[in-house]
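Q: Structure incoming, see below.
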Amino acid sequence: MKFPPELLQKCIFLTGPTASGKSRLGIELANQLQGEVISLDSMAVYRGMDIGTAKPSKDELSQAPHHLIDVVDPHQDFTVAEYLQLSHTACLEILARDHVPIFVGGTGLYLRALLRGFFAGPDADWEFRHKLEAEEKESGPEELHRRLQLIDPASAKRLHVNDVRRVIRALEIHHLTGQPASELYDEGPLPEEQRPKNVFWLNPDRDWLYDRINRRVNIMIEQGLETELRKLLALESPIGRTARQGLGYREMIDWIEGRTSTLEEAIEIIQTRSRQFAKRQYTWFRNMEECQSLIYQSDAEQSKLLSDLLERIRNE
């Protein structure tokens, strides 16, 4: 599926690494431009996963219309193709109200699919998939990731070893087509004259961001991440494989199920993996030529981002 270029050009995209302040800035931008926010976050689609995903609060949600938040239950899978379909519908509805669609979030795969299109790939081979899932449970995710490195090093480099669902999908695509998923999914950017002009990524100072990440994780624990997760695990249809991969959730599950010795150790692992994830996000957005960088190094400079953004948008 591909968004028509003329539709993309009517949208604003605000992305960046985790904890960089996207949600608050997106709301401010929506209020200034008569816009509505479309979530660009692969975990915010899950109902009940609020604290660990840093989902906008009820107060924040009331300050601007939001879309594609709380779309599915946590036991369900949610595909990129489904995201594209729902976001396309949301865009058309927002434009029909003479409002501006503003995509806000840090899921690079979603952003790439919006800007460049998305190859859905062959239908699932459930027998092959279940076989790999059983192998992962027995041997851990490292063996599957090692296998992917041998047949599709580009996908292996892009996918974290713990992103088991997407690792299995990449192996499955190679099994079904004989071709690396990275080659089949390699959609290039639109010609320059067709690209949307308002695609921005927040590019904060690394030390500033890493400090915010560490503090955010501590706040999540204080707000009750453990309680939230225990409720999800106790549901009649408990949290599924995809949702379990969310940062913070997998690490807390490891602690609850005894694979991590202490809560303090689990917190440290979450902080470390969150910083590592942010580092990968920097690379992802920097390498997307559609993205314009917004550099800042302090809280004071962050507070000026709205005026900078508005000036850039209005000068287009």
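The values are calculated or read from the model by the stated rules, or taken from the named source; none is laboratory data. Everything numeric in this text was worked out from a predicted model, so none of it was measured. A quick note on method: Cβ atoms are made from the backbone with ideal geometry, for glycine too, and the neighbour counts reach across all protein chains shown.
Q: For residues that are modelled with pLDDT of 95 or more and hydrophobic (A, V, I, L, M, F, W, C), scanning just region 62-82, find the one that is surrounded by the most Cβ atoms within 10 Å (Cβ to Cβ).
A: Filtering first and then ranking leaves LEU68.
Q: Shifting gears a bit: Quick check on region 280-308: of everything there that is part of a helix (DSSP H, G or I) and aliphatic (A, V, I, L, M), which residue is farthest from LEU190 (Cα to Cα)?
A: ALA300
Q: Continuing with this model, one more query. Taking ILE239, is it in a helix (DSSP H, G or I) and either assigned by TED's automatic domain parsing to the domain that holds ASP41 or touching a helix residue (DSSP H, G or I) at 6+ places or on another chain (Cβ under 6 Å) (or both)?
A: no
Q: Now for a separate question. Which of the residues that make up region 3-48 are surrounded by fewer than 21 Cβ atoms within 10 Å (Cβ to Cβ), farther than 27 Å from PHE277 by Cα and not polar (S, T, N, Q)?
A: Scanning region 3-48 gives PRO4, PRO5, GLU6, LEU7, LYS10, LEU33, GLU36.
Q: Name the pairs: first residue in region 159-182 and without any contact (Cβ under 8 Å) to a residue 12 or more places away in the chain, second residue assigned to a helix (DSSP H, G or I), Cβ to Cβ under 8 Å, at least 6 apart or on different chains?
A: Qualifying pairs under 8 Å: GLN179/ILE173.
Q: Related question: Pull out all pairs, ordered by first then second residue, where Cβ-Cβ is under 7 Å, the residues are six or more apart or on different chains, the first lies in region 298-311 and is touching a residue at least 60 places away in the same chain (Cβ under 8 Å) and assigned by TED's automatic domain parsing to the domain that holds ASP205, and the second is among the aliphatic types (A, V, I, L, M) and part of a helix (DSSP H, G or I).
A: LEU305/LEU25; LEU306/LEU25; LEU306/LEU29; LEU309/LEU29
Q: List the number of the failed condition for THR262; all other conditions in (1) farther than 25 Å from TYR46 by Cβ; (2) free of Cβ contacts under 8 Å to residues at least 24 places away in the same chain; (3) in contact with a Ser or Thr (Cβ under 8 Å, 6 or more places away or on another chain) hold.
A: Condition not satisfied by THR262: (3).
Q: May I ask you to say which residue of GLU142, GLU93 is modelled with pLDDT of 90 or more, surrounded by fewer than 15 Cβ atoms within 10 Å (Cβ to Cβ) and not assigned by TED's automatic domain parsing to the domain that holds LYS157?
A: Answer to the check: GLU93.
Q: While we're looking at this one, here's another question. When only residues in region 156-189 that are touching a His at 6+ places or on another chain (Cβ under 9 Å) and part of a helix (DSSP H, G or I) count, which is surrounded by the fewest Cβ atoms within 10 Å (Cβ to Cβ)?
A: For region 156-189, the residue satisfying everything is ARG166.
Q: Would you mind telling me which numbered condition in (1) closer than 30 Å to LEU114 by Cα; (2) in contact (Cβ under 8 Å) with a residue 24 or more places away in the chain; (3) surrounded by fewer than 20 Cβ atoms within 10 Å (Cβ to Cβ) CYS291 fails?
A: So the condition that CYS291 fails would be (3).
Q: Restricting attention to region 232-244, report how many residues are in contact (Cβ under 8 Å) with a residue 24 or more places away in the chain and buried (at least 18 other Cβ atoms within 10 Å of the Cβ).
A: Qualifying residue count for the region: 5.
Q: Looking only at region 245-287, how many residues end up being of a type in the set (Ser, Thr, Tyr), within 16 Å of ARG215 (Cβ to Cβ), more than 16 Å from the chain's Cα centre (by Cα) and surrounded by 18 or more Cβ atoms within 10 Å (Cβ to Cβ)?
A: The number of residues fulfilling the criteria is 0.
Q: Now for a different question. Please tell me if ARG215 is surrounded by 14 or more Cβ atoms within 10 Å (Cβ to Cβ), modelled with pLDDT of 95 or more and either of a type in the set (D, E, K, R) or touching a Cys at 6+ places or on another chain (Cβ under 7 Å) (or both).
A: Considered against the rule, which asks whether it is surrounded by 14 or more Cβ atoms within 10 Å (Cβ to Cβ), modelled with pLDDT of 95 or more and either of a type in the set (D, E, K, R) or touching a Cys at 6+ places or on another chain (Cβ under 7 Å) (or both), ARG215 comes out as no.
Q: Here is a follow-up. Name the residue, out of ARG273, ARG280, that is among the basic types (Lys, Arg) and modelled with pLDDT of 95 or more.
A: Within the list ARG273, ARG280, the selection yields ARG273.
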